[in-house]
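Asker: The structure's right below; bear with me while I get my questions together.
The values are calculated or read from the model by the stated rules, or taken from the named source; none is laboratory data. What you see is a predicted model; the values in this text were computed from it and never measured. Cβ atoms come from the backbone with ideal geometry, glycine included; neighbour counts cover every protein chain shown. Accessible surface is based on the protein model in full, side chains and every heavy atom, while ligands, DNA and RNA are left aside. Shrake-Rupley method; radii C 1.70, N 1.55, O 1.52, S 1.80 Å.
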Amino acid sequence: MMSVVGAQPFIKPMQTSPSVSPGIQRRHTLPASEVRPLNTQDAISVFEIEREAFISVSGECPLHLDEVRHFLTLCPELSMGWFEEGRLVAFIIGSLWDQDRLTSDALTLHKPCGSTVHIHILAVHRTFRQQGKGPILMWRYLQYLRCLPNVRRAVLMCEDFLIPFYRKSGFKVLGRCAITVANLTFTEMWYPISGHAYMRRNSEAIRFPQHPLTLPLTKTDEQVDL
């Protein structure tokens, strides 16, 4: 079974706040931008973004609401959500798979002993599209997977028009996927997971957070060139 002990992704050093006078009460606000794992309480927000993004294009949702809850219950550590001021703006949901190629069982099953992460879905809220958030979130997700000791690769299936998008993130074409949904066919793509997570050029030293995968995002993150 995959262990996530010590699999805490990197975070850039935070600037320390100036000391606050005892007479001044600190005001608590939501972080401007952060990445964290999803949980079942996020399921409805996930599904609303997914439904708008996919039904308008293909008429099909990769995951129904009960399936979203299913994976966020079984393997929340393989999900990643981008939040701005507490609002979900982009997300990825994955699960483990234990075969060389995807089959129809991969759509609903999580195989805890598998070494392949099946990326079910990447979606961005319509208000935040065309801002580079999809590639940035995928980059961070793939770096996070490098921290998981038993993961060897990531796979996904996509329609042909999305192949260039995933190629820019480093995915390679495996071939035609055996899975079809209604009249839709897909291409299967893969990404090798090896080595340690690395920071971008000119990034500062790595510091690990107390809570895995809870990462403030900075302007530098949003400027990463994929």
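Asker: Over the heavy atoms of Lys111, what accessible area does a 1.4 Å probe trace out, to the nearest 10 Å²?
Answerer: For Lys111, solvent-accessible area is about 70 Å².
Asker: Give a residue-ordered list of calculated ³J(HN,Hα) values for the stretch 91-105 (Karplus: 6.51 cos²θ - 1.76 cosθ + 1.60, θ = phi - 60°; whole Hz; x for Gly, Pro).
Answerer: 7, 9, 10, x, 8, 8, 9, 10, 10, 5, 10, 6, 10, 4, 5
Asker: If you place +1 on the Cβ of every Lys and Arg and -1 on the Cβ of every Asp and Glu, how big does the dipole about the Cα centre of the stretch 33-153 come out, in debye to the nearest 20?
Answerer: Numbers: 13 positive and 14 negative charges, 87 e Å.
It works out to roughly 420 debye.
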